[in-house]
1. Return a yes/no flag: does the stretch 232-247 have any residue that is aromatic (Phe, Trp, Tyr) and either closer than 24 Å to residue 184 by Cβ or crowded, with 18+ Cβ neighbours inside 10 Å (or both).
2. Filter the stretch 154-168 for residues that are in contact with a Lys or Arg (Cβ under 7 Å, 6 or more places away or on another chain) and among the aliphatic types (A, V, I, L, M) and give the result.
3. Within the stretch 238-259, can you find the residues that are in a helix (DSSP H, G or I), free of Cβ contacts under 8 Å to residues at least 24 places away in the same chain and of a type outside the set (Ser, Thr, Tyr)?
4. Can you name the residue in the stretch 100-134 that is over 20 Å from residue 240 (Cα atoms) and either within 29 Å of the chain's Cα centre (by Cα) or in a helix (DSSP H, G or I) (or both) and is also modelled with the highest pLDDT among such residues?
5. Are any residues in the stretch 202-223 buried (at least 23 other Cβ atoms within 10 Å of the Cβ) and within 13 Å of the chain's Cα centre (by Cα), and if so, which ones?
6. If a residue must be more than 16 Å from residue 231 (Cβ to Cβ) and hydrophobic (A, V, I, L, M, F, W, C), how many such residues does the stretch 167-195 contain?
7. Could you tell me which of the residues 192, 203 is modelled with pLDDT under 90 and either under 26 Å from residue 239 (Cα atoms) or touching a strand residue (DSSP E or B) at 6+ places or on another chain (Cβ under 9 Å) (or both)?
8. If you scan the stretch 175-189, which residues turn out to be assigned to a helix (DSSP H, G or I) and crowded, with 23+ Cβ neighbours inside 10 Å?
Amino acid sequence: MARKKRVEEHVNHERWLVSYADFITLLFAFFVVMYSISSVNEGKYRVLSDTLEAVFADPAKSKDPIQVGNLLRGDGQQTLEPKAKENPINVLELPAIEILKPPRPDILQPEIIDSHTPPPVDDDIIRTIKDISKQLNKALADLIANDDVIIKQGEDWLELEMKSNVLFYSGEAHLETTAVSIIGKVAAILSTSANPIQVEGFTDNNPINTPTFPSNWELSAARAASVVHLLDRYGLDPSRMSAIGYGEFQPIADNTTEEGRQKNRRVVLVILGKKDSRRDINIFTPNTVKEPAAPTLPAQIPPTSTNTP
(Lines give C-alpha, C1' and ligand atoms only; values in the text may rest on other atoms or scores of the structure.)
Protein backbone atom coordinates (compact mmCIF):
# COMPACT_ATOMS: atom_id res chain seq x y z
CA MET A 1 0.00 0.00 0.00
CA ALA A 2 1.41 3.39 -1.08
CA ARG A 3 2.01 6.13 1.45
CA LYS A 4 0.29 9.52 1.25
CA LYS A 5 2.51 12.28 0.13
CA ARG A 6 3.13 14.69 2.97
CA VAL A 7 2.04 18.25 2.18
CA GLU A 8 4.60 20.74 3.27
CA GLU A 9 3.23 23.60 5.42
CA HIS A 10 3.60 27.15 4.07
CA VAL A 11 6.14 29.14 5.98
CA ASN A 12 4.70 32.52 7.18
CA HIS A 13 7.33 35.20 6.65
CA GLU A 14 5.15 38.06 8.00
CA ARG A 15 5.09 37.12 11.68
CA TRP A 16 7.22 40.17 12.46
CA LEU A 17 4.24 42.39 11.71
CA VAL A 18 2.48 41.13 14.82
CA SER A 19 5.39 42.11 17.02
CA TYR A 20 5.74 45.44 15.22
CA ALA A 21 2.04 46.24 15.69
CA ASP A 22 2.30 45.44 19.38
CA PHE A 23 5.35 47.72 19.66
CA ILE A 24 3.61 50.63 17.90
CA THR A 25 0.53 50.21 20.10
CA LEU A 26 2.64 50.33 23.25
CA LEU A 27 4.57 53.33 21.94
CA PHE A 28 1.31 55.19 21.17
CA ALA A 29 -0.01 54.40 24.63
CA PHE A 30 3.26 55.68 26.11
CA PHE A 31 2.99 59.04 24.35
CA VAL A 32 -0.68 59.35 25.31
CA VAL A 33 0.20 58.88 28.96
CA MET A 34 3.10 61.34 28.71
CA TYR A 35 0.90 63.97 27.07
CA SER A 36 -1.84 63.53 29.67
CA ILE A 37 0.54 64.15 32.57
CA SER A 38 2.44 67.01 30.91
CA SER A 39 1.67 70.73 31.60
CA VAL A 40 1.40 73.47 28.94
CA ASN A 41 3.07 76.85 29.49
CA GLU A 42 0.15 79.17 28.83
CA GLY A 43 2.36 82.24 28.55
CA LYS A 44 4.53 80.81 25.79
CA TYR A 45 1.48 79.37 24.07
CA ARG A 46 -0.26 82.76 24.07
CA VAL A 47 2.84 84.50 22.71
CA LEU A 48 3.07 81.93 19.92
CA SER A 49 -0.64 82.24 19.17
CA ASP A 50 -0.53 86.04 19.02
CA THR A 51 2.53 85.96 16.77
CA LEU A 52 0.92 83.56 14.31
CA GLU A 53 -2.30 85.56 14.33
CA ALA A 54 -0.43 88.81 13.66
CA VAL A 55 1.43 87.26 10.73
CA PHE A 56 -1.46 85.49 9.00
CA ALA A 57 -4.39 87.75 9.96
CA ASP A 58 -2.83 91.18 9.24
CA PRO A 59 -5.29 93.19 7.04
CA ALA A 60 -4.13 94.18 3.61
CA LYS A 61 -2.83 97.73 3.36
CA SER A 62 -3.47 100.06 0.45
CA LYS A 63 -1.50 103.04 -0.74
CA ASP A 64 -4.70 104.82 -1.77
CA PRO A 65 -6.02 107.38 0.76
CA ILE A 66 -9.12 106.42 2.72
CA GLN A 67 -12.18 108.55 1.95
CA VAL A 68 -13.55 110.39 4.97
CA GLY A 69 -17.17 110.17 3.91
CA ASN A 70 -19.52 109.07 1.17
CA LEU A 71 -22.18 110.86 -0.75
CA LEU A 72 -25.03 108.38 -0.35
CA ARG A 73 -28.00 108.26 -2.66
CA GLY A 74 -31.26 107.76 -0.83
CA ASP A 75 -34.75 108.29 -2.24
CA GLY A 76 -33.43 110.35 -5.12
CA GLN A 77 -31.22 112.61 -3.04
CA GLN A 78 -27.60 112.96 -2.01
CA THR A 79 -26.14 113.48 1.42
CA LEU A 80 -22.83 113.55 3.13
CA GLU A 81 -22.49 110.56 5.47
CA PRO A 82 -19.52 108.93 7.23
CA LYS A 83 -18.07 105.94 5.39
CA ALA A 84 -19.82 102.76 6.56
CA LYS A 85 -17.85 99.73 7.66
CA GLU A 86 -20.14 97.39 5.78
CA ASN A 87 -21.65 97.58 2.31
CA PRO A 88 -19.19 100.17 0.97
CA ILE A 89 -20.55 102.56 -1.67
CA ASN A 90 -18.47 104.29 -4.30
CA VAL A 91 -17.60 107.85 -3.35
CA LEU A 92 -18.91 110.46 -5.76
CA GLU A 93 -16.42 113.05 -6.90
CA LEU A 94 -17.16 116.60 -5.85
CA PRO A 95 -16.86 119.44 -8.35
CA ALA A 96 -13.31 120.74 -8.29
CA ILE A 97 -12.83 124.14 -6.67
CA GLU A 98 -9.70 126.12 -5.96
CA ILE A 99 -9.01 126.35 -2.24
CA LEU A 100 -6.96 129.41 -1.32
CA LYS A 101 -5.20 130.09 1.96
CA PRO A 102 -6.64 132.85 4.16
CA PRO A 103 -4.91 136.12 3.27
CA ARG A 104 -5.22 137.71 6.72
CA PRO A 105 -5.57 135.22 9.58
CA ASP A 106 -4.89 138.00 12.06
CA ILE A 107 -8.49 139.18 11.61
CA LEU A 108 -9.60 136.58 14.13
CA GLN A 109 -7.15 137.65 16.85
CA PRO A 110 -9.07 138.52 20.05
CA GLU A 111 -8.87 142.07 21.30
CA ILE A 112 -8.90 143.21 24.91
CA ILE A 113 -11.75 145.68 25.21
CA ASP A 114 -13.98 147.04 27.88
CA SER A 115 -16.95 144.74 28.43
CA HIS A 116 -19.22 147.73 29.04
CA THR A 117 -18.58 149.35 25.66
CA PRO A 118 -19.40 147.79 22.26
CA PRO A 119 -16.27 146.59 20.44
CA PRO A 120 -15.19 148.77 17.54
CA VAL A 121 -15.59 147.27 14.08
CA ASP A 122 -12.28 146.97 12.26
CA ASP A 123 -12.07 148.39 8.74
CA ASP A 124 -10.51 145.13 7.53
CA ILE A 125 -13.53 143.19 8.81
CA ILE A 126 -15.97 145.50 7.02
CA ARG A 127 -13.95 145.25 3.83
CA THR A 128 -13.80 141.44 4.06
CA ILE A 129 -17.56 141.16 4.65
CA LYS A 130 -18.25 143.42 1.67
CA ASP A 131 -15.91 141.42 -0.58
CA ILE A 132 -17.57 138.13 0.39
CA SER A 133 -21.01 139.67 -0.19
CA LYS A 134 -20.06 140.83 -3.70
CA GLN A 135 -18.66 137.40 -4.62
CA LEU A 136 -21.73 135.56 -3.29
CA ASN A 137 -24.13 137.91 -5.11
CA LYS A 138 -22.26 137.27 -8.36
CA ALA A 139 -21.96 133.47 -7.95
CA LEU A 140 -25.58 132.93 -6.82
CA ALA A 141 -27.27 135.53 -9.03
CA ASP A 142 -29.76 133.05 -10.52
CA LEU A 143 -30.87 131.75 -7.12
CA ILE A 144 -31.14 135.29 -5.75
CA ALA A 145 -33.34 136.28 -8.71
CA ASN A 146 -35.69 133.37 -7.90
CA ASP A 147 -35.78 134.30 -4.18
CA ASP A 148 -34.25 130.92 -3.32
CA VAL A 149 -31.25 132.68 -1.77
CA ILE A 150 -31.29 135.91 0.27
CA ILE A 151 -28.13 137.74 1.35
CA LYS A 152 -28.21 140.15 4.28
CA GLN A 153 -25.22 142.18 5.43
CA GLY A 154 -24.38 143.82 8.74
CA GLU A 155 -21.35 145.68 10.00
CA ASP A 156 -19.40 142.62 11.07
CA TRP A 157 -21.52 139.73 9.77
CA LEU A 158 -23.02 138.39 6.56
CA GLU A 159 -26.11 136.17 6.35
CA LEU A 160 -26.65 133.77 3.44
CA GLU A 161 -30.18 132.35 3.64
CA MET A 162 -31.02 129.37 1.42
CA LYS A 163 -34.51 127.91 1.11
CA SER A 164 -34.74 124.23 2.01
CA ASN A 165 -36.49 123.36 -1.26
CA VAL A 166 -33.22 123.91 -3.17
CA LEU A 167 -31.21 121.81 -0.70
CA PHE A 168 -33.41 119.03 0.73
CA TYR A 169 -36.54 117.04 0.10
CA SER A 170 -39.42 117.47 2.52
CA GLY A 171 -38.74 115.85 5.89
CA GLU A 172 -35.20 114.78 4.90
CA ALA A 173 -31.68 115.92 5.79
CA HIS A 174 -29.94 114.40 2.74
CA LEU A 175 -28.58 117.02 0.37
CA GLU A 176 -29.87 116.87 -3.19
CA THR A 177 -27.54 116.56 -6.18
CA THR A 178 -28.08 120.18 -7.19
CA ALA A 179 -27.31 121.32 -3.64
CA VAL A 180 -23.76 119.93 -3.87
CA SER A 181 -22.79 122.36 -6.63
CA ILE A 182 -24.42 125.28 -4.77
CA ILE A 183 -22.50 124.56 -1.58
CA GLY A 184 -19.36 124.10 -3.71
CA LYS A 185 -19.66 127.67 -5.05
CA VAL A 186 -20.11 128.99 -1.51
CA ALA A 187 -17.13 126.98 -0.25
CA ALA A 188 -14.89 128.35 -3.02
CA ILE A 189 -15.68 131.90 -1.88
CA LEU A 190 -15.43 131.24 1.85
CA SER A 191 -12.05 129.54 1.40
CA THR A 192 -10.49 132.95 0.63
CA SER A 193 -10.99 134.13 4.23
CA ALA A 194 -10.68 132.78 7.75
CA ASN A 195 -13.96 134.13 9.13
CA PRO A 196 -16.01 131.96 11.52
CA ILE A 197 -19.07 130.32 9.98
CA GLN A 198 -22.30 129.38 11.73
CA VAL A 199 -24.67 127.07 9.84
CA GLU A 200 -28.20 127.32 11.23
CA GLY A 201 -31.14 125.08 10.41
CA PHE A 202 -34.82 126.13 10.65
CA THR A 203 -38.14 124.36 10.00
CA ASP A 204 -41.81 125.24 9.92
CA ASN A 205 -44.27 124.28 12.65
CA ASN A 206 -45.53 121.11 10.96
CA PRO A 207 -44.76 118.33 13.46
CA ILE A 208 -42.52 115.42 12.47
CA ASN A 209 -42.17 112.12 14.30
CA THR A 210 -40.01 109.52 12.58
CA PRO A 211 -37.38 107.08 13.92
CA THR A 212 -34.68 109.34 12.45
CA PHE A 213 -36.18 112.69 13.44
CA PRO A 214 -38.41 112.53 16.54
CA SER A 215 -39.01 116.30 16.29
CA ASN A 216 -38.11 119.38 14.28
CA TRP A 217 -35.12 119.93 16.57
CA GLU A 218 -33.36 116.86 15.17
CA LEU A 219 -34.35 117.68 11.58
CA SER A 220 -33.04 121.25 11.69
CA ALA A 221 -29.80 120.21 13.40
CA ALA A 222 -29.23 117.36 10.92
CA ARG A 223 -29.71 119.69 7.96
CA ALA A 224 -27.22 122.18 9.37
CA ALA A 225 -24.76 119.35 10.05
CA SER A 226 -25.11 118.06 6.46
CA VAL A 227 -24.05 121.45 5.11
CA VAL A 228 -21.13 121.64 7.57
CA HIS A 229 -19.92 118.17 6.53
CA LEU A 230 -20.01 119.14 2.87
CA LEU A 231 -18.10 122.37 3.52
CA ASP A 232 -15.55 120.30 5.41
CA ARG A 233 -15.14 118.00 2.42
CA TYR A 234 -14.55 121.01 0.22
CA GLY A 235 -11.55 121.93 2.38
CA LEU A 236 -12.83 124.50 4.89
CA ASP A 237 -11.24 124.33 8.33
CA PRO A 238 -13.67 122.52 10.69
CA SER A 239 -12.50 124.65 13.64
CA ARG A 240 -14.13 127.74 12.10
CA MET A 241 -17.55 126.10 11.59
CA SER A 242 -20.48 125.21 13.84
CA ALA A 243 -23.93 123.68 13.27
CA ILE A 244 -27.02 124.94 15.09
CA GLY A 245 -30.61 123.69 14.95
CA TYR A 246 -33.43 126.06 15.92
CA GLY A 247 -36.33 123.83 14.92
CA GLU A 248 -39.65 125.65 14.46
CA PHE A 249 -39.09 128.25 17.16
CA GLN A 250 -37.41 131.02 15.14
CA PRO A 251 -39.90 131.78 12.32
CA ILE A 252 -39.54 134.71 9.95
CA ALA A 253 -43.02 134.37 8.43
CA ASP A 254 -46.53 133.31 9.36
CA ASN A 255 -46.82 129.51 9.67
CA THR A 256 -50.56 129.60 9.01
CA THR A 257 -49.98 129.98 5.25
CA GLU A 258 -48.09 127.73 2.85
CA GLU A 259 -45.99 130.65 1.64
CA GLY A 260 -45.00 131.49 5.19
CA ARG A 261 -44.09 127.89 6.02
CA GLN A 262 -41.93 127.72 2.89
CA LYS A 263 -40.01 130.80 4.02
CA ASN A 264 -39.47 129.33 7.47
CA ARG A 265 -37.92 126.15 6.05
CA ARG A 266 -34.38 127.41 5.48
CA VAL A 267 -30.67 126.97 6.15
CA VAL A 268 -28.66 130.09 7.00
CA LEU A 269 -24.89 130.49 6.72
CA VAL A 270 -23.69 133.31 8.98
CA ILE A 271 -20.20 134.61 8.19
CA LEU A 272 -18.91 136.51 11.21
CA GLY A 273 -16.22 139.16 11.23
CA LYS A 274 -14.56 137.59 14.26
CA LYS A 275 -15.33 134.99 16.91
CA ASP A 276 -17.11 137.38 19.30
CA SER A 277 -19.32 138.92 16.61
CA ARG A 278 -23.06 138.52 17.09
CA ARG A 279 -26.11 139.08 14.94
CA ASP A 280 -29.77 139.21 16.00
CA ILE A 281 -32.36 136.82 14.55
CA ASN A 282 -35.47 138.61 13.32
CA ILE A 283 -38.33 136.55 14.72
CA PHE A 284 -41.77 136.86 13.14
CA THR A 285 -44.37 138.07 15.63
CA PRO A 286 -47.96 137.75 14.40
CA ASN A 287 -50.08 140.85 14.76
CA THR A 288 -52.39 140.48 17.71
CA VAL A 289 -55.93 141.74 17.15
CA LYS A 290 -57.02 143.87 20.05
CA GLU A 291 -60.45 143.07 21.42
CA PRO A 292 -62.84 146.02 21.30
CA ALA A 293 -63.16 147.76 24.60
CA ALA A 294 -66.39 147.31 26.49
CA PRO A 295 -68.79 150.24 26.05
CA THR A 296 -68.68 152.69 28.86
CA LEU A 297 -72.00 152.94 30.62
CA PRO A 298 -73.12 156.38 31.82
CA ALA A 299 -72.86 156.92 35.54
CA GLN A 300 -76.17 156.32 37.24
CA ILE A 301 -77.48 159.22 39.27
CA PRO A 302 -78.58 158.07 42.69
CA PRO A 303 -82.33 158.59 43.26
CA THR A 304 -83.31 161.62 45.28
CA SER A 305 -85.07 160.83 48.50
CA THR A 306 -88.54 162.37 48.76
CA ASN A 307 -88.89 161.75 52.46
CA THR A 308 -88.51 164.90 54.45
CA PRO A 309 -86.69 164.67 57.67
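The values are calculated or read from the model by the stated rules, or taken from the named source; none is laboratory data. Note that the structure is a prediction, hence the values are computed from the model and not measured. No Cβ is skipped: glycine too gets one built from the backbone with ideal geometry, and neighbour counts run over all protein chains shown.
1. Start the filter on the stretch 232-247 by keeping residues that are aromatic (Phe, Trp, Tyr), which leaves 234, 246.
The next check asks that each one be either closer than 24 Å to residue 184 by Cβ or crowded, with 18+ Cβ neighbours inside 10 Å (or both); those that pass are 234, 246.
There is at least one residue in the stretch 232-247 that is aromatic (Phe, Trp, Tyr) and either closer than 24 Å to residue 184 by Cβ or crowded, with 18+ Cβ neighbours inside 10 Å (or both).
2. The answer is 162, and nothing else.
3. So in the stretch 238-259, the residues in a helix (DSSP H, G or I) come out as 238-240, 258-259.
Still in the list and also free of Cβ contacts under 8 Å to residues at least 24 places away in the same chain: 238-239, 258-259.
Those that are in a helix (DSSP H, G or I), free of Cβ contacts under 8 Å to residues at least 24 places away in the same chain and of a type outside the set (Ser, Thr, Tyr): 238, 258, 259.
4. Kept after step one, since they are over 20 Å from residue 240 (Cα atoms), are these residues of the stretch 100-134: 112-120, 123, 134.
Then keep just the ones that are either within 29 Å of the chain's Cα centre (by Cα) or in a helix (DSSP H, G or I) (or both); that gives 123, 134.
Values: 123: 62, 134: 93.
Here the residue is 134.
5. Correct list: 219, 220, 223.
6. 0
7. Numbers: 203 fails: modelled with pLDDT under 90.
The conditions single out 192.
8. Taking the stretch 175-189 as the starting set, the residues that turn out to be assigned to a helix (DSSP H, G or I) are 177-189.
Of everything in the stretch 175-189, those that are assigned to a helix (DSSP H, G or I) and crowded, with 23+ Cβ neighbours inside 10 Å turn out to be 183, 186.
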